[in-house]
Amino acid sequence: MPRIELRGLVKRFGRTVAISGLSALIEDRELFAVVGPTACGKTTLLRLIAGLIRPDKGEILFDGVVVNDLPPPARRVRMVFQGHDYALFPHLVVYHARRWSNLSFPLRLRNQGLREISRRVRRVTRRLGINRNLFPRRPGELSEGQKQRVAVGKAIVLPPQILLLDEPLSHLDPPSRAKAREEIRELHRELGTTTVYVTHDLAEAFLLADRVAVMRVGRFEQVGTPREILDSPANRFVSDFVGSYLDSVRRAFVWR
Ligand SMILES: Nc1ncnc2c1ncn2[C@@H]1O[C@H](COP(=O)(O)OP(=O)(O)O)[C@@H](O)[C@H]1O
Ligand SMILES: [Mg+2]
C-alpha cells in the first residue's frame, strides 16, 4: 500500500491554473483528507494521482517510483467520482452473486470464487448500509445517496492499493453520512489502503482523517492534524476558512 509523493505539480486548463506547484507527502496506509472551497482544484488533484490527466510540470511518485508515465490501470488506484454516474455500470444490477453486477464485477474479473465474492460483498454492504432489497436494482433505480454508497462499495470490495474518494458522501443526509463516515474509517483501519478523501466540508475532514490538507486555488495552505490546524492555523486563509465553519456551527445554535 504505497506512500504517495507529489512534487511541484502544475496543471493548467487553458488559462486556468488548476494546480499550481503543489507538493505533499501522503504516508503509506494513511487516511488523508483534502478540504477546500469549490474550484480550488481538489478533483483535478485526484485525477492527476489516478493518471486520468497528466501534470504539465512536476512528479507523482508511489513508493519512491515516478508514475507520471503509467496509465491508470497500471497504477492500481481506484477513484470514486463526484456526482452523476459515479463510475457505476448503468446496465448492471447492484449485486448478483452469480452474474456480472456492480459489486461482484471487480471480484469476478479476478476470478474469485462464489464464496469469496459473497463474503466480501456481505462485509461492504453491511458496513455501508446497502440493504439487500437494493441488490436487484440498476443504478438508475437508486437515490443519489444509495448510488454513492454502492460506488464506494464497488471501489473497496476488492481493496485497491490507493483509494481516491471525491466527495463520496455529499448526497447523504447528515445521520447516514455520519454513519457512512464511521464505516469508512473502520474499513480503512481494516484494509490499510492509502486513502485520499476529498470534501468541501471541514467538519467531515476533521472527523474522518488523521491529517488534513487545507487547499486554496491550486495548492495546500496547511497540512496537519485537525488539532494543529485548529490551534495554529498557518495563515489568514486557513484561519478564515476554519472560522467560517465555527461561525456556521455557532449560528445554528443561536437559531434554535
Ligand atoms: N477539464 C477542464 N477544463 C477546463 N477547466 C477545468 C477542467 N477541469 C477543471 N477545470 C478548472 O480547474 C479549476 C479546479 O477545478 P476542480 O479540480 O474541479 O475543483 P474542485 O474539485 O475543488 O471543485 C476550476 O477553475 C475548474 O473550472
Ligand atoms: Mg470537485
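The values are calculated or read from the model by the stated rules, or taken from the named source; none is laboratory data. Note that the coordinates shown come from a computational prediction; the quantities given were computed from them, not determined experimentally. No Cβ is skipped: glycine too gets one built from the backbone with ideal geometry, and neighbour counts run over all protein chains shown.
Within region 101-130, being hydrophobic (A, V, I, L, M, F, W, C), at pLDDT 95 or above and assigned to a loop (DSSP other than H, G, I, E, B) holds for one residue alone: 103.
Scanning region 1-52 for residues that are over 26 Å from residue 193 (Cα atoms), of a type in the set (Gly, Ala, Ser) and within 13 Å of ligand 2 (Cβ to nearest atom) turns up 18, 39. Yes or no: residue 7 under 30 Å from residue 241 (Cα atoms), within 16 Å of ligand 1 (Cβ to nearest atom), of a type in the set (D, E, K, R) and not in a loop (DSSP other than H, G, I, E, B)? Considered against the rule, which asks whether it is under 30 Å from residue 241 (Cα atoms), within 16 Å of ligand 1 (Cβ to nearest atom), of a type in the set (D, E, K, R) and not in a loop (DSSP other than H, G, I, E, B), residue 7 comes out as no.
Taking region 42-58 as the range and being surrounded by fewer than 19 Cβ atoms within 10 Å (Cβ to Cβ), touching a strand residue (DSSP E or B) at 6+ places or on another chain (Cβ under 6 Å) and assigned to a loop (DSSP other than H, G, I, E, B) as the test, only 56 passes.
Each row is one residue, and each column tells you yes or no for (1) in contact with a helix residue (DSSP H, G or I) (Cβ under 7 Å, 6 or more places away or on another chain); (2) within 16 Å of ligand 1 (Cβ to nearest atom); (3) of a type outside the set (Lys, Arg).
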site	(1), (2), (3)
39	no, yes, yes
42	no, yes, no
45	no, yes, yes
54	no, yes, no
61	no, no, yes
70	no, no, yes
74	no, no, yes
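Counted as qualifying within region 138-256 are the helices (runs of 4 or more DSSP H) with 1 or more residues that are surrounded by fewer than 16 Cβ atoms within 10 Å (Cβ to Cβ) and either basic (Lys, Arg) or free of Cβ contacts under 8 Å to residues at least 12 places away in the same chain (or both), namely 174-191, 226-231, 236-254.
Taking region 194-246 as the range and being over 22 Å from the mean Cα position of the chain (by Cα), away from ligand 1 (no atom under 16 Å from the Cβ) and of a type outside the set (D, E, K, R) as the test, the residues that pass are 230, 232, 233, 234, 235, 239, 243, 244, 246. The residues listed here are 33, 39, 18; of these, the one that is part of a loop (DSSP other than H, G, I, E, B) and in contact with a strand residue (DSSP E or B) (Cβ under 9 Å, 6 or more places away or on another chain) is 39.
What single numbered condition from (1) within 30 Å of residue 238 (Cβ to Cβ); (2) of a type in the set (Gly, Ala, Ser); (3) more than 16 Å from ligand 2 (Cβ to nearest atom) fails to hold for residue 97? If we test residue 97 against (1) within 30 Å of residue 238 (Cβ to Cβ); (2) of a type in the set (Gly, Ala, Ser); (3) more than 16 Å from ligand 2 (Cβ to nearest atom), just (1) comes out false. Of all residues in region 87-119 being within 21 Å of the chain's Cα centre (by Cα) and farther than 19 Å from residue 168 by Cβ, which is surrounded by the fewest Cβ atoms within 10 Å (Cβ to Cβ)? Of everything passing the filter in region 87-119, 107 is surrounded by the fewest Cβ atoms within 10 Å (Cβ to Cβ).
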